[in-house]
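Below is one structure, written out as structure tokens; comments come after it.
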Amino acid sequence: MSTPNGFPQHPGTRVARGGEGGAVQDLHAKKAGKAAKKEAGGSGLLAFEDPPAVGTSLNETSKLLPAEPKGNMKMKSITPRPPRKPRLERAASLDEKSWRKWRRFRTSQESLTDPNETSSSNSSLQEASPSPPVPGRAIPCLQNTSPAEEAVAAGKSRAAPCELGKRASELSSAFGGLLRGKAFAGGKPRLAQVTPARVLPPGELGVAPPACAADPAPADCCDYPRYSRHRLGRVSGSLSDSRLHGGGMGCDSCSTDSMKSTFSLLTPIRSRDVRSRSYLEGSLLASGALLGAEELSRYFPDRSVGIFVATWNMQGQKELPVNLDDFLLPTDPDYAQDMYVIGVQEGCPDRREWEIRLQETLGPHYVMLYSAAHGVLYMSVFIRRDLIWFCSEVEYATVTTRIVSQIKTKGALGICFTFFGTSFLFITSHFTSGDSKVNERKLDYNKTIQALTLPKNVPDTNPYRSCSSDVTTRFDEVFWFGDFNFRLNKDRETVDSILNQNPAADVSKLLAYDQLTSEMSRGSIFKGFQEADIRFRPSYKFDIGKDSYDTTSKQRTPSYTDRVVYRSRYRDDIHAVKYSSCPGIKTSDHRPVFALFRVKVRPGRDNIPLAAGQFDRELYLIGIKRRITRELQKRQEQKDQKSSSICSIS
């Protein structure tokens, strides 16, 4: 039988733990003192309940004692302190605690069985000077010890002076030799072998022995599980050991918290939850729901997700930029985003090559959730690979704004899905061009919100706030980006003078002539939408490969044609972090424009059609292989450069 602290306990001893246990131990100590004096017959020596055999008498015992206490030794009755509650330095799992107890017991049993073995633990027990009792550990008891000997052991642990400690140590050594039936010959005393009450079962790593688990705990130790549960709290983790689900635990009433470990971040799933509930009919706050509050808080403690939204008119160029890092991975934010949504107008002829380049740049941490095209309008959605399980099925729809529907250079492309309990809609558009065609652009907007048939199968998260004539009202978060073609109502000379006066920062004077800003303030377009503050230079129209604006005979006025706007059903759900352009990419007459957002996400229900981890695996493999090849080539070039360098010594 073992104490809660893991030390072996003799059947005749009892460990008290504060409160009533301390009073019981005081009473035992007093009875032990009286019994010792009565049996000693006033001689000042300690008597034993079981006198040692092998012909050893008390006279011989007195010869082995030191000179000073042999004449008239009086033992002061000292009440031992109850052991303190164990100090939990870290939350250990149930299998870890059981293994430590079992190993400690087996080690002590082996060391006591072998008479020739002198372990470090025995040596420290025998030779070290007495020290105050360690909190949370019971005093180990000798076999067949009397109450008087327990008082001596307790008095030894509380003795402060060095001399008293030495004498107590010698007394303990002498009595240990008598208990073993051997004379004290100057050797190191050893503890007697502890004989278990019954045969112990074979131990197994990570599983508590059934005998120990079935043995009832003492009455004064019953508060230990409650105390440890209070101190440990909830440990996030689970044991991936199949033996936990068998009958080896020895505790039928243990909760899921007792099965959690610090070695894993996965939340344990109850067996009865797996049996009883369907993940297609989960409630909002159900325990273990795939899209519920518990999973959301585990991945996003602040319940907000980072989203990168970008738009770029590629002007149909076949040549792609050599490096897209400055575009997709700007250095200003320290961390990459959780989602990347890139919309392209007048895209390159090889759409697949463009997607591979995006995958290669974002690397193995991201996968392409979905991509769609409408003529030369492209949109690609990338997401962190460990988040694809929380997305619904992805749907898309298109709208053509040209009079001839076969010409798909102008129009809109929308992609929607639900992430946890928040629905998202991303729209990329290319409106009618021309400096004075503001009304045509407003017609393109109205046609898009009426003709874009989304969502299809994914249910609306809040149908009471939806409008059948406006697709943007049927989603929680909406991002609309593209080449809207709104211009500056000012001549080229005035715009150039303003740009030359403020080459780096202030562009507020230019925005006073912006057509889109004016129309949005009137409410004639993008109703309910917002736009972050613009602090970058106009993204159109540049000479290809240069930083200068249009130098051709047309002398087009620089304008903010490429924009990103957003709206939300709930106030302050979307927070714009950054809104800028990428002047380093010069393969088109447009500069890419991007925006970074923090978007609030809510827990959802599991009754939606899930994507079930679907992504473009072929694209992922191609992009990763290209990334590895590029890194190897770069290293080889550096290696060749070092080997070919010639050092001249003057």
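The values are calculated or read from the model by the stated rules, or taken from the named source; none is laboratory data. The shown structure was predicted, so the numbers you read here are calculated from the model rather than taken from an experiment. Note that each Cβ is placed from the backbone with ideal geometry, even for glycine, and that neighbours are counted across all protein chains shown. The accessibility values were calculated without ligands, DNA or RNA, using every heavy atom of the protein model including side chains. Shrake-Rupley method; radii C 1.70, N 1.55, O 1.52, S 1.80 Å.
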Exercise. Tell me which residues, restricted to the range 351-374, are out of contact with any Ser or Thr (no Cβ under 6 Å at 6 or more places or on another chain), open to solvent by 10 Å² or more (accessible area, probe 1.4 Å), closer than 21 Å to Gly414 by Cα and not in a helix (DSSP H, G or I).
Key: Leu369, Tyr370, Ala373
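Please enumerate the residues belonging to the range 375-396 that are among the small types (Gly, Ala, Ser) and open to solvent by less than 10 Å² (accessible area, probe 1.4 Å). Step through it out loud before you land on a result.
At the first step, the residues of the range 375-396 found to be among the small types (Gly, Ala, Ser) are 375, 380, 392.
Residues satisfying the conditions are Ser380, Ser392.
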Exercise. Tell me, yes or no, whether the range 322-339 has at least one residue that is among the β-branched types (Val, Ile, Thr), in a strand (DSSP E or B) and either modelled with pLDDT under 95 or crowded, with 20+ Cβ neighbours inside 10 Å (or both).
Key: no
Quiz item: Which residue pairs have Cβ atoms under 7 Å apart, sit 6 or more places apart or on different chains, and have a first residue in the range 439-465 that is over 20 Å from Asp476 (Cα atoms) and a second that is part of a helix (DSSP H, G or I) and among the polar types (S, T, N, Q)?
Solution: none
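Kindly indicate whether Thr561 is of a type in the set (Val, Ile, Thr), on the phi < 0 side of the Ramachandran plot and crowded, with 19+ Cβ neighbours inside 10 Å.
Details: of a type in the set (Val, Ile, Thr): yes; on the phi < 0 side of the Ramachandran plot: yes; crowded, with 19+ Cβ neighbours inside 10 Å: yes.
Answer is yes for this residue.
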Quiz item: Between a first residue in the range 608-621 that is under 16 Å from Gly292 (Cα atoms) and a second residue that is among the hydroxyl-bearing types (Ser, Thr, Tyr) and open to solvent by 70 Å² or more (accessible area, probe 1.4 Å), which pairs have beta carbons less than 9 Å apart while being 6 or more apart in sequence or on different chains?
Solution: Leu610/Tyr279
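For the range 454-469, how many residues are exposed (fewer than 15 other Cβ atoms within 10 Å of the Cβ) and of a type outside the set (Ser, Thr, Tyr)? Let's see the steps before the verdict.
Residues of the range 454-469 that are exposed (fewer than 15 other Cβ atoms within 10 Å of the Cβ), as a first pass: 456-457, 459, 462-465, 467-469.
Within this subset, residues satisfying the condition of being of a type outside the set (Ser, Thr, Tyr) are 456-457, 459, 462-463, 465, 467.
Qualifying residue count for the region: 7.
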Quiz item: When Gln450 is evaluated against the numbered criteria (1) at pLDDT 95 or above; (2) open to solvent by less than 50 Å² (accessible area, probe 1.4 Å); (3) of a type in the set (S, T, N, Q), which criterion, by number, is the only one it fails?
Solution: (2)
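Rundown of residues vs (1) part of a strand (DSSP E or B); (2) in contact (Cβ under 8 Å) with a residue 12 or more places away in the chain; (3) over 24 Å from Asp444 (Cβ atoms), yes/no style:
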position	(1), (2), (3)
Leu387	no, yes, yes
Val399	yes, yes, no
Arg402	no, no, no
Phe417	yes, yes, yes
Thr428	yes, yes, no
Ser433	no, yes, no
Quiz item: Given (1) more than 41 Å from the chain's Cα centre (by Cα); (2) closer than 25 Å to Lys442 by Cβ; (3) outside any helix (DSSP H, G or I); (4) free of Cβ contacts under 8 Å to residues at least 60 places away in the same chain, where does Thr557 come up short, assuming only one miss?
Solution: (4)
Quiz item: Among the candidates Arg474, Arg465, which residue alone is under 46 Å from the mean Cα position of the chain (by Cα), within 24 Å of Val599 (Cα to Cα) and modelled with pLDDT under 95?
Solution: Arg465
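Before we move on, is Pro603 in contact with a strand residue (DSSP E or B) (Cβ under 8 Å, 6 or more places away or on another chain) and in contact (Cβ under 8 Å) with a residue 40 or more places away in the chain? Can you show your working first?
Working: in contact with a strand residue (DSSP E or B) (Cβ under 8 Å, 6 or more places away or on another chain): no; in contact (Cβ under 8 Å) with a residue 40 or more places away in the chain: yes.
The answer is no for Pro603.
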Self-check item: Complete set of residues in the range 370-389 that are under 23 Å from the mean Cα position of the chain (by Cα) and among the aliphatic types (A, V, I, L, M)
Solution: Ile383, Leu387, Ile388
Quiz item: Got at least one residue in the range 604-619 being more than 29 Å from the chain's Cα centre (by Cα) and over 24 Å from Ser380 (Cβ atoms)?
Solution: no
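Within the range 471-540, which helices (runs of 4 or more DSSP H) (wholly inside it) include 1 or more residues that are touching a residue at least 12 places away in the same chain (Cβ under 8 Å), open to solvent by 10 Å² or more (accessible area, probe 1.4 Å) and farther than 24 Å from Thr401 by Cα? Spell out how you get there, then give the answer.
Numbers: elements: 492-501, 508-511, 515-522.
Filter on the range 471-540 gives 492-501, 508-511.
Here is a yes/no grid of residues against (1) surrounded by 16 or more Cβ atoms within 10 Å (Cβ to Cβ); (2) in contact with a helix residue (DSSP H, G or I) (Cβ under 6 Å, 6 or more places away or on another chain); (3) at pLDDT 90 or above:
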position: Gly282; (1), (2), (3): yes, no, no
position: Leu296; (1), (2), (3): yes, no, yes
position: Asp302; (1), (2), (3): no, no, yes
position: Gly306; (1), (2), (3): yes, no, yes
position: Ala310; (1), (2), (3): yes, no, yes
position: Asn313; (1), (2), (3): yes, no, yes
position: Lys318; (1), (2), (3): no, no, yes
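Please indicate, with yes or no, whether at least one residue in the range 458-471 is over 18 Å from Trp312 (Cα atoms) and in contact with a strand residue (DSSP E or B) (Cβ under 6 Å, 6 or more places away or on another chain).
Let us first name the residues in the range 458-471 that are over 18 Å from Trp312 (Cα atoms), namely 458-471.
When the remaining residues are screened for being in contact with a strand residue (DSSP E or B) (Cβ under 6 Å, 6 or more places away or on another chain), the result is 458, 461.
The answer is yes, given that some residue of the range 458-471 is over 18 Å from Trp312 (Cα atoms) and in contact with a strand residue (DSSP E or B) (Cβ under 6 Å, 6 or more places away or on another chain).
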Quiz item: Looking at (1) under 30 Å from Tyr570 (Cβ atoms); (2) open to solvent by 20 Å² or more (accessible area, probe 1.4 Å), which is the only condition Leu425 fails?
Solution: (2)
